[in-house]
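Colleague: This is the structure I have questions about; it appears just below.
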């Protein structure tokens, strides 16, 4: 009789264990990212020899009526713009439309590496970005004095002003 009771529980316990193993395999990346979060691995601003930027009006949630076409960011602005990504931390599930970035920066380094960073409008102070469209990072950009630099909307505004200035000079 005791053997029958044990065998009755064997099948449900086995199914639960198989389901748990399947869940771990299916969510392996999220589990790994929980205990060993990825880093954005961005180059230092001093390594960037060219930075191109663009802003898409579609990602602005109505803030911009028109976008900013791709342009070369003036070299003097590169450290100011790139500093916004310092101190970024992994965020597993950013609350934004992942298919609708606000803009993109394309940096070319001295070694010839090309780094693409798409950024998103995520509120007044948060800057959310990704290099691959799947792994997201967020930061709260600050000046050297600790004052807020603003999030994606502020970055897009800085790029818009830089583009207007570059158009005036040409």
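Colleague: Would you mind putting 47-55, 70-78 in packing order, based on average other-beta-carbon counts within 10 Å, highest first?
Modeller: 47-55, 70-78
Colleague: With r defined as the distance between the Cβ atoms of residue 70 and residue 144 and R0 fixed at 30 Å, what FRET efficiency is calculated, to the nearest 0.05?
Modeller: E(calc), rounded to 0.05, equals 0.55.
Colleague: Here's another thing I want to ask about it. Label residue 170 and residue 116 with points 7 Å out from Cα along Cα→Cβ: what is the distance between them in nm?
Modeller: It works out to 2.1 nm between the two label points.
Colleague: May I ask you to work out the translational diffusion coefficient for the range 45-169 at 25 °C, viscosity 0.890 mPa s, via Stokes-Einstein with Rh from the Kirkwood sum over Cα pairs, reported in whole µm²/s?
Modeller: 168 µm²/s
Colleague: Once fully extended, how much extra length lies between residue 100 and residue 13, figured as 0.36 nm per residue of separation less the alpha-carbon to alpha-carbon distance?
Modeller: Here the answer is 26.9 nm.
Computed from the coordinates by the stated procedures, all read-outs in this text should not be read as laboratory data. Given the structure is predicted, the values throughout are model-derived calculations rather than measurements. A quick note on method: Cβ atoms are made from the backbone with ideal geometry, for glycine too, and the neighbour counts reach across all protein chains shown.
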